[in-house]
Amino acid sequence: MDGMALKFPSFKSLNPNNSIIRNPALFCFGLRKFSSSSSLPVSATATTLTESDPASNSVSLGHLTRPDFPILHQEIYNGSKLVYLDNAATSQKPNSVLKALQDYYESYNSNVHRGIHYLSAKATEKYELAREKVAAFINAEESSEIVFTRNATEAINLVAYTWGFANLKSGDEVVLTIAEHHSAIVPWQIVAQKTGAVLKFVNLNEDEVPDVFQLKEMISSNTKLVVVHHISNTLASSLPIEDIVRCAHAVGAKVLVDACQSVPHMVVDVRGLDADFLVASSHKMCGPTGIGFLYGKSDILSTMPPFLGGGEMISDVFLDHSTYAEPPSRFEAGTPAIGEAIGLGAAIDYLQGIGMQKIHEYEMELANYLYEKLSAVPNVRIYGPKPSKRVDRAALCSFNVKNIHPTDIATFLDQQHGVAIRSGHHCAQPLHRYLGVNASARASLHFYNTKEDVDYFIEALNDTVSFFDSFK
């Protein structure tokens, strides 16, 4: 299991200056046990987050947008203020998205494309408008290049089961990196096992970034597809997609980009990237869960067979055969996630209202601040490249602290301080094995986070480390 949390006893009443655990206690975390048989000092302060005073400081984007996210304004575990730093796993939702979902179910809930009555017509209009918003958001040439899916995982599987099985044969090569999410590896393993295609993996360079030089050398006349992330969900590194696409296209190969960690945080232009396929998930970009999208160039989508059979994806159905609709309907069998698509459209409206470049610039500032502060924690190991004038990191840090399991760190941060981070392998087991670890902790930020969030996280982490060090 990827990071199961166990309940800690509460130490909220303890003061770092004079509090002592006087009774022996036994803490069991997974297979490891920590036993206290003597007096142990414990630091577990709960400082209050302070917002910037507009009268004395410039107000950050995080402070400006936090009021739009009701979930962030709550206390958990004995009055701890929630500090949400698990945005690479999923983002929180602004009021406008929640309202869009409520409006759909309260005012015009109906199936799409199949009715002539008012409710159906309005639902269809809003659903297709959401598709147009996605297309404009990533600068697709036309909305028909956007296929709604349950998530990015399903979008990659769609390409694997349609384009992959139709185009890959024995001896063909698919080039990936070892830093890919499982969703970008497993579908191609399945295709390779059934077709005889070969998967080739690019390693990391000395900066702990996928080696682009090795990737380019690996691309050959046998390469039919390159599958790469835009931003790594573990290393916080980015890849030069335009360069990779040019190399792949030079040998006639297609490129699929996992943009789950880039679309929510920066300007992404699919025409500028020239990628053949690109996938992303709504829930990471302030939209609802249960919906994502596949971008595919129209000339490629038109050649791909259906993914699933049923209603909506057909043109005509006879007893002995069926004909299929044009994309994107061909790939959207059955009743779609209508409310979720509308919610995604509302999320895009919200993000564009702020401006993706503004979001990116603010998050780069937060990214450097997080890396700097986390680097100062004793015995910490941060994975991925060091930020520099030529290297930008995304606003996340995967890390380990010597001799402390990351799930113990995450559990203590949560239960004693109200700080939500991720622990586990982050759906990147091959990468973690390459790094020589089974798991890591990860703090990941979004534009509604602030430097105060980072400061509180670091204070809580130092307290966590002190707590576990006290057992040594």
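The values are calculated or read from the model by the stated rules, or taken from the named source; none is laboratory data. This structure is a prediction, so every number in the text was calculated from the model and none was measured. Every residue, glycine as well, gets a Cβ built from its backbone with ideal geometry; the counts of neighbours run over all protein chains shown. When the accessible area is computed, the model is the full protein with side chains, heavy atoms only, and any ligands, DNA or RNA have been set aside. Shrake-Rupley method; radii C 1.70, N 1.55, O 1.52, S 1.80 Å.
So residue 170 passes all but one of these: (1) assigned to a helix (DSSP H, G or I); (2) open to solvent by 50 Å² or more (accessible area, probe 1.4 Å). Which condition number does it fail?
All conditions pass for residue 170, except number (1).
Residues in segment 190-209 that are within 22 Å of the chain's Cα centre (by Cα) and either in a helix (DSSP H, G or I) or closer than 16 Å to residue 248 by Cα (or both): how many?
2
Could you tell me which numbered condition residue 100 fails, if it satisfies all but one of (1) assigned to a helix (DSSP H, G or I); (2) closer than 30 Å to residue 423 by Cβ?
(2)
Being assigned to a loop (DSSP other than H, G, I, E, B), over 20 Å from the mean Cα position of the chain (by Cα) and among the β-branched types (Val, Ile, Thr) is the filter here; which residues of segment 238-270 pass it?
Selection gives 251 alone.
Looking at 447, 471, can you tell me which residue is touching a Leu at 6+ places or on another chain (Cβ under 8 Å), surrounded by fewer than 20 Cβ atoms within 10 Å (Cβ to Cβ) and part of a loop (DSSP other than H, G, I, E, B)?
When all the criteria are applied, what remains is 471.
Go through the residues of segment 425-443 one by one and say whether even a single one is at pLDDT 95 or above, in contact with an Asp or Glu (Cβ under 7 Å, 6 or more places away or on another chain), under 30 Å from residue 70 (Cα atoms) and not basic (Lys, Arg).
yes
Would you check which residues across segment 450-466 are open to solvent by 10 Å² or more (accessible area, probe 1.4 Å) and either among the basic types (Lys, Arg) or under 17 Å from residue 360 (Cα atoms) (or both) and list them?
Result: 451, single match.
When you go through (1) open to solvent by 20 Å² or more (accessible area, probe 1.4 Å); (2) farther than 27 Å from residue 396 by Cα; (3) not small (Gly, Ala, Ser) one by one for residue 191, which number turns out not to apply?
Against the list (1) open to solvent by 20 Å² or more (accessible area, probe 1.4 Å); (2) farther than 27 Å from residue 396 by Cα; (3) not small (Gly, Ala, Ser), residue 191 comes up short only on (1).
Counting only residues that are small (Gly, Ala, Ser) and surrounded by fewer than 18 Cβ atoms within 10 Å (Cβ to Cβ), how many does segment 67-92 have?
Of the residues in that region, 2 qualify.
May I ask you to say which residue of 234, 223 is among the β-branched types (Val, Ile, Thr) and touching a Leu at 6+ places or on another chain (Cβ under 8 Å)?
234
Which residue out of 130, 160, 121, 152 is free of Cβ contacts under 8 Å to residues at least 12 places away in the same chain and among the aliphatic types (A, V, I, L, M)?
121
Within segment 194-208, which residues are open to solvent by 20 Å² or more (accessible area, probe 1.4 Å) and more than 15 Å from residue 433 (Cβ to Cβ)?
Residues satisfying the conditions are 194, 195, 196, 198, 199, 200, 205, 206, 207.
Across segment 308-341, which residue is farthest from the chain's Cα centre (by Cα) among those that are open to solvent by 20 Å² or more (accessible area, probe 1.4 Å) and of a type in the set (Asp, Glu)?
320
Of the residues that sit in segment 274-287 and are over 15 Å from residue 356 (Cα atoms) and open to solvent by 10 Å² or more (accessible area, probe 1.4 Å), which one is nearest to the chain's Cα centre (by Cα)?
Step by step, filter segment 274-287, then rank; the result is 283.
Can you confirm whether segment 125-143 contains a residue that is open to solvent by 30 Å² or more (accessible area, probe 1.4 Å) and more than 26 Å from residue 262 (Cα to Cα)?
The answer is yes; a qualifying residue exists.
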